[in-house]
Amino acid sequence: MKNILVTGGAGFIGSNFARTMLDKNPRYKITIIDHLGYAGDESTLGRLKRKINFVKGDIADLELIDILVGQNDTVVHFAAESHNDNSLKDPWPFVQSNIIGTYSILEAVRKHNKRLHHISTDEVFGDLELNDPRRFNEATPYNPSSPYSATKAGSDHLVRAWVRSFGVKATISNCSNNYGPYQHVEKFIPRQITNIISGIKPKLYGTGEQVRDWIHVDDHNSAVALILEKGKIGETYLIGADGERNNKDVIELILSIMGKNKNEYEHVKDRAGHDMRYAINSSKLQKELDWQPKFNNFEDGLKQTIEWYSNNQDWWQPQKAETEKKYKKAGQ
Ligand code: NAD
Ligand code: TDX
């Protein structure tokens, strides 16, 4: 593996992935393709831009993808519409990027016989009850709830069908909720941090008892790097770092780290069809590929993330007003 095409690399996880890979080995030749939608920004690439080849384009553009895949030996496919709340307002871009876009990538890797790693989410499994002793594993049946998770589930099914029917050399990973630098302020953790910095109260959907399984973005990406190196073709790996917390606790922790009273937040309208709990069992990844997360303390990762948003206001300020306007209109 030397020439890597990273789709969606101007977004949160893909841009951090490119940084992780170049830190591991500066000789990797990385090409990023991103259509620079609302969630992808050239400023996210920052100094990385000098070290990579950047192409502005859409992954559903079959001709462009054919050329780019032909020029690289490995494709790591992050590009997707990624926010549940947006998928409830307008599902179409999710079908377009997540399903048709993945189809386009698959046809190109099939034609050129290239290695693909497909990035997916734990949301494809639906949700768990709060008191359910089980966690998701590689055998959990698919049961997605939102248009976002349904289109991600669809993309996973396409990848598996292309592996079985056409012998495409692909692996899949399903990861839990990521946090860390360069995450769009529409998402839960950065929204609350940047609200507090902006003098706006953090916003908790509904009761806030919903549980997410948090993982630092660098731990997600170290697992992806390992799957590229040692993963078995056709296999799926679940990625998670035992980070279950309910939303109310996370808001209170952010407030307390930022020196505020724990009750200085407000409850807003709940998300339609809100999934109750996600939880990942990543023992296959740990046993077969010997993976371990580096951030085993959520509070430390959160402190680093709060510091990053405090020191990088130029990066997130341009997104903030528009994002809050949209939320206000939705009563959130
Ligand atoms: P993001 O929204 O920050 O980034 C996605 C990027 O893809 C953006 O830069 C966007 O412009 C680009 N993109 C979208 N559609 C495109 C298209 N048609 N053509 C070209 N570029 C396009 O999202 P993220 O949080 O970085 O998520 C990346 C991947 O990881 C997604 O596949 C998502 O489903 C998956 N994932 C995310 C999480 C999480 O907690 N954020 C957890 C598990 C899996
Ligand atoms: O302001 C908020 N208040 C709030 O209580 C926001 C934005 C969210 N929430 C709640 C909803 C969820 O229970 O916080 C939780 C996390 O919300 P999101 O950040 O929107 O994440 P989620 O819907 O869990 O999905 C995320 O994890 C899986 C990513 O956005 C997906 O891309 C990924 O696949």
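The values are calculated or read from the model by the stated rules, or taken from the named source; none is laboratory data. These numbers were taken from a predicted model, which means no experiment stands behind them. A quick note on method: Cβ atoms are made from the backbone with ideal geometry, for glycine too, and the neighbour counts reach across all protein chains shown. Accessible surface areas use protein heavy atoms only, side chains included; no ligands, DNA or RNA. Shrake-Rupley method; radii C 1.70, N 1.55, O 1.52, S 1.80 Å.
Between L22 and D300, the modelled label-to-label distance comes to 2.6 nm, taking each label 7 Å out from Cα in the direction of the beta carbon.
Taking each residue as 0.36 nm, the span from H157 to K260 lengthens on full extension beyond its C-alpha to C-alpha distance by 32.6 nm. Report the FRET efficiency, 1/(1 + (r/R0)^6), for I197 and H112, where r is their Cβ-Cβ distance and R0 is 35 Å, rounded to 0.05. Efficiency for this residue pair is about 0.15. Projecting the Cα atoms of A60, N72, L48 onto the charge dipole of the range 38-100 (Cβ charges, centred on the Cα centre) puts L48 farthest toward the positive pole. Computed with the Debye formula from one identical point scatterer per Cα of the chain, without solvent, the log10 of I(q)/I(0) at q = 0.10 Å⁻¹ comes to -0.55.
Building the convex hull from the alpha-carbon atoms of the range 39-99 and averaging its projection over directions returns 5.1 nm². A straight line joining the Cα centroids of the range 155-177 and the range 272-302 runs 21 Å.
Using Cα springs under 10 Å in a Gaussian network model of the chain, which residue among N297, N261, N195 shows the largest mean-square fluctuation? Looking only at N297, N261, N195, the largest GNM fluctuation is found for N261.
Shape descriptor for the range 179-279: Rg over Rh equals 1.05 (Cα atoms; Rh from the Kirkwood inverse mean 1/r). Across the range 1-111, how large is the tail of the calculated P(r) beyond 24 Å, expressed as a percent of all Cα pairs? Value for the range 1-111: 21 percent of Cα pairs lie more than 24 Å apart. Peptides 316-328, 104-116 ordered by packing proxy, namely the average of other Cβ atoms within 10 Å per residue, highest first: 104-116, 316-328.
In the context of the full set of protein chains, residues of the chain present 44 Å² of accessible surface per residue (probe radius 1.4 Å, heavy atoms only).
For the range 1-64, compute Rh as the Kirkwood radius over C-alpha pairs and then the Stokes-Einstein diffusion coefficient at 37 °C and 0.692 mPa s; write the answer in µm²/s, rounded to an integer. In µm²/s, the coefficient rounds to 281. Taking the Cα centre of the range 180-332 as origin and assigning +1 to Lys and Arg Cβ atoms and -1 to Asp and Glu Cβ atoms, the resulting dipole is close to 600 debye.
With a cut-off of 13 Å between beta carbons, the residues surrounding L228 carry a summed charge of +4, where Lys and Arg count +1 and Asp and Glu -1. Using a cut-off of 23 Å between Cα atoms, the listed pairs K152/K201; K114/K294; K203/K320 include K152/K201; K114/K294 as exceeding that distance. For the range 92-137, the C-alpha radius of gyration divided by 2.2 N^0.38 Å, with N the number of residues, is 1.65. Residue ranking by accessible heavy-atom surface, 1.4 Å probe, largest first, among M276, M21 comes out as M276, M21. Taking amide H positions as modeled 1.01 Å from N, with prolines and chain starts lacking one, the residues under 5 Å from I30 and 5 or more places away or on another chain are I4, N53. Looking at the chain, send over the antiparallel percent of its DSSP beta bridges, to the nearest 5. Of the beta bridges lying entirely in the chain, close to 10 percent run antiparallel. Per the Cα gyration tensor, the range 57-142 maps to an equivalent ellipsoid with semi-axes of 30, 18, 8 Å, ordered largest to smallest.
With semi-axes defined as the square roots of five times the eigenvalues of the C-alpha gyration tensor, the equivalent ellipsoid of the range 62-219 measures 31, 19, 14 Å, largest first.
Taking the alpha carbon gyration tensor of the range 214-332, multiplying each eigenvalue by 5 and rooting it gives semi-axes of 31, 18, 16 Å, largest first.
Here the chain exposes an accessible surface that is 47 percent carbon and sulfur, computed with a 1.4 Å probe and the other protein chains kept in place.
The loop-placed trypsin sites (Lys or Arg not before Pro) in the range 182-237, going by DSSP, that have at most 14 neighbouring Cβ atoms within 10 Å of their Cβ come out as K232. Dipole magnitude for the chain: about 660 debye, using +1 per Lys or Arg Cβ and -1 per Asp or Glu Cβ, origin at the Cα centre.
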